[in-house]
Every structure is written in C-alpha cells, then in structure tokens.
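The structure appears right after this line, and notes come after that.
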Amino acid sequence: MPKWFKRKSKRAVDLYQTSELSDGNEDESDEYLDEMLVGSMESDPCTSNTNELRIFVGTWNVAGRSPIGSLAVDLDEWLNLKDAADIYVLGFQEIVPLKTRTVIGAEDPTEATNWNRLIGKTLNDKHGCPWLTPMVTRFSSDNYNYVPASEADRRASFSGHTEIPIPWRERSRTVREMPKVGSKYKLMASKKMVGVFISVWMKDELLRKYCISNVKVCSVACGIMGYLGNKGSVSVSMAIDGTSFCFIAAHLASGEKKGDEGRRNHQVSEIFKRTVFPSSSRDDDNPHPLTILGHDRIFWFGDLNYRLYLEDNLARQLIKKQDWRALQEFDQLRREKEYDGVFQGWKEGDIEFAPTYKYSQANCNRYSGGLPGRSGEKQRTPAWCDRILWYGKGVKQLSYFRSESKFSDHRPVSALFSTQIEVVKPNTTRLGLQSIFSTILSSDQIGKSRDGDQAKSTLLSLMVRDIEASPRHAKFVEKITESECS
C-alpha cells in the first residue's frame, strides 16, 4: 500500500571545512588556497536520530454497561500497569446501549466522561499521583490540540461532542514543553461516536521531551443505511517529533451467516475512504498526513467481528483442546490479511488465547450457546472478534493477550508495542558553518578588492574546487565540525 505525505529528515553526512583568510598578496592567497578545506552542505537544516517508545493498545466491547467503581480492579489488570507503557491507546465499543434513542439522538458525553475519569484515576493513582478532578470541555470541531488549564479558562464555552475530561482546549501551536502538574499521564485526545470511543494518554514527561503536533480526530459512521453511528470508527492522528501516528478504533458489522464478512469488508473500505484529517489554518508549519495510510505507524483495533468458517461443534472441540493454531486456520480476518483482502499487508501477533466472544452473560466464564434445550440464550460460535492490527515499519509487538474481566460478554484484548520515532533536531553544524562562511566572505581581503562581488564569486568557486584537492585536512575538518556541534 502506498504511504503518502511521509515526512523524512536526512542526516547530515557531509564534512564541513573552513580556514582563515590571510590578508597578504596573491602569492599568500594561493598558499592559503592550498590549505583551505571546503565541504558541501545539504539544504536540509535538520538532523535526526531515533528513539523508542512503548505503546499499549487495548480494545474492549463493554456491552452497553456504565463503568463502576469496582471495575478499577479489572481495568488495572487490563492495562498491565506493572509494566507501564509510555502511551496508552484505548478503544471501546458499546459504551452506551445500541438503541434507537442513542443511535439517532444527540450525542451524550456522560459515559465517555465517566470512562475517562476511571482511566485517568487508574493510570495515575497506580503511580502515586493525585488525579485532578476532571472537567469536560466540548469542541466545535473534530480537529484539536491542547493548552495548559490557565489558558483554557479564558475561553470556557464550546459546543460539540468531542470530550476532553481535563482542562485543555484547542490550539494551533505545536507543543514542545508543558508545565508539570499532579498527574503522570495526560489525556491527549478523546472521541466518541454513539458507542464507539477512543481515549489516548501519554506520559507527562514525553510532552516535555518531544514535539507533539497536529493532534486531530475523525469519526466515520457506516452502520444502519451506511451512515448511522451504531457501527463505524473513531480515529486519532498525531505526530511525535518526525513520526506520524494513526489510531483507529472500530466496531464493524456483526453476524456469522454466510456473506456477513462481506459487510465488514465493505465497512473497512469505507473507513479507509472516508477517514480524513484535513489541514486547517490552525495547524503548525509541519506537513501532516491527510489519510490513514499516509501515516508512518498505524494501529487498527476494536470489535472487528470477524468470525470462524467452522461449524459450532467443531469450533468448541478445538477450543476445549486449546488448539489455537488449528482454530486460526478458519479465522475470517486471517484470510483478509493473507489472500488479497481488505487488510492485506497488515500485521497481527500470534493469537495464543481463547476466543473473546461470546460469553453467556456478565460474570460468567461459559460461552453462549452449546447447551441444547437452554432457552433464551443466543447461539453464537465463539470467535476472536476483538483484534489489534498494525501497519508500518519500525513497530515490534512485545505481547498480545486477553484479560479475564467478566464485565461483559466480550473479553478485553491488549497488545504492547515497541516503536521507533524519528527525533528531529536543528543542524547546529550547518548553522555554525554558515556563520563561518559569512565571516570569511566579509573579511578585509574581499572588502579591499576592487570588485567585491566578483571576489566573492571567485573565492567561492575556488573553495568548492579545492575540496577535492585537499583530503589531507580531514582531521582539521573533524575538529571544526565537533567545535560547531558543541
């Protein structure tokens, strides 16, 4: 798949060379030119290196249930805080019941706010950081960033349904440094569409260490009639220094009848097509991707609802044997990744856990159906509906597992990734050399010439010519370069 708008930053590999001009006659200048060193310089004023970040990605269909206080224990286990990540990206499905009122009515931020409160409390209390009382800020646009609370207080009124339960507001500038406050993790972005919800959190120290820019969100509704929000996606786009990220939390069409996978595939195609992160006058000067596939690192997760091409009784036999490898041979999503499907080229870790859907009811460890004569229970073949995929280079999956919370008829799934980011820094060597050349070209020797412009041109041409004739001065060049970088 093509990767558009990928930002690249070249490393400075050229040698920068210079010397001082003598103020003597032509003979002395000829002698000087024999000693002078010149280096070609790239036009890119930046250099870069790579750092590693750990990103936790999780997905959970909560079956329309509101978060409760006792859920904190389950959340703690799901987030695996004993091995804390730098960034937490959490996707939820059905945070509200998918009824007519919630699907076609106005967005209600209550449940999203409640989930963010619980997530923030779990992340920060675990590290001994007091959780500040959240404040809901509403946005009139899907594209937003954040600022300190003191600036947010100046503008208190917004309309819309994008929820940020801490006191930050939209802003146009890139964030390089943020003030320290009580919490270790900060909410970077949050977006709700009916029951689909995404919440992205980042360590406070990363906000001071890296340049976080162009934080944007987008929602795509492709449920009933192809345009209602009972199914679809919510996405977050952001850049961390020189690397762009896209996180897509999705809830796709349900059903295990023949042909239902075609509806899911169509929704995936619609999400690819309709997810956009448009430019605006509020953006910084850095280019940012407009589409999902334009990003460097992409994570797609959620209740993707892909089922098994296998009869119910045979599937249950393999589950009883815990033969996950044999069961995966019949997995619909696996075929979409391998056989020219909608996710061709995408990656997923080895599945070494039991199917995550459908359990009989909350607080139950038994799959729904499978018991003849049991009335009022839906017959569903167990399947790995809840998945986490990724696309792009520089990503390594460290773990992939399910948690055992009985809060809903789905089990939460999570993956921990190590990913590289490109850290862009000003090329101080290049800037320093420009200063040196400026000094050279304004020296007395040129100033005293009859035709200063001609002398400058002649001198530059001699400098460029002489670089190939003076390799013996490499050590001197190295000294100059080191002094400029220090």
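None of the figures in this text is laboratory data; all of them are computed from the coordinates on show. Note that this is a predicted model, so its numbers are computed, not measured. A quick note on method: Cβ atoms are made from the backbone with ideal geometry, for glycine too, and the neighbour counts reach across all protein chains shown.
One decimal place: the segment Gln379-Ala84 gains 102.4 nm when fully extended, by the rule 0.36 nm per residue minus the C-alpha distance.
Along the charge dipole of the range 221-272, which of His251, Gly223, Val234 sits closest to the positive end, that is, farthest toward it, with unit charges on the beta carbon of Lys, Arg, Asp and Glu (+1, +1, -1, -1)? The listed residue farthest towards the positive side: Gly223. On the basis of the beta-carbon distance and an R0 of 35 Å, Glu329 and Leu228 show a calculated FRET efficiency of 0.50.
Using the Cβ-Cβ distance between Glu352 and His266 with R0 set to 35 Å, the FRET efficiency works out to roughly 0.70. You can think of it this way: the chain between Asn286 and Thr100 has 62.7 nm of extra reach, that is 0.36 nm per residue less the Cα-Cα gap. Return the FRET efficiency for the residue pair Ser279, Lys406: r is the Cβ-Cβ distance, R0 is 51 Å, and the value is rounded to the nearest 0.05. With a Förster radius of 51 Å, E is 0.65. Put a dot 7 Å past the Cα of Asn365, heading toward its Cβ, do the same for Glu338, and the two dots end up 3.1 nm apart. Remark: the range 228-235, residue by residue, has Karplus-estimated 3J(HN,Hα) of 9, x, 5, 9, x, 8, 10, 10 Hz, where x stands for each Gly or Pro and the curve is 6.51 cos²θ - 1.76 cosθ + 1.60 at θ = phi - 60°. With only the Cα atoms considered, the range 327-416 has a convex hull volume of 108 Å³ per residue.
The amide H of Ala383, built 1.01 Å from its N in the peptide plane, has Thr356, Tyr357, Lys358 as neighbours under 5 Å, considering only residues 5 or more places off or on other chains. As a rough guide to protection, the peptides 244-252, 216-224, 393-401 ranked by mean Cβ packing within 10 Å, highest first, stand as 244-252, 216-224, 393-401. Taken along the Cα-to-beta-carbon direction at a fixed 7 Å, the label points for Ser66 and Leu314 span 4.6 nm. Each residue of the range 243-260 is assigned a 3J(HN,Hα), and the resulting list reads 10, 9, 10, 9, 10, 10, 9, 10, 10, 9, 4, 8, x, 10, 6, 4, x, 5 Hz, derived from the Karplus form 6.51 cos²θ - 1.76 cosθ + 1.60 (θ = phi - 60°), x at Gly and Pro. Averaging Cα coordinates gives a centre for the range 295-311 and one for the range 340-370; these two points are 10 Å apart. Considering only alpha-carbon pairs that sit under 8 angstrom and 6 or more positions apart, the relative contact order computed for the range 197-278 is 26 percent. Sorted on the mean count of surrounding Cβ atoms within 10 Å across their residues, most packed first, peptides 272-285, 71-84 read 71-84, 272-285.
Shown in residue order for the range 76-88 are the 3J(HN,Hα) couplings computed by the Karplus curve 6.51 cos²θ - 1.76 cosθ + 1.60 at θ = phi - 60°: 4, 5, 5, 6, 6, 6, 5, 10, 4, 9, 7, 10, 10 Hz (x for Gly and Pro).
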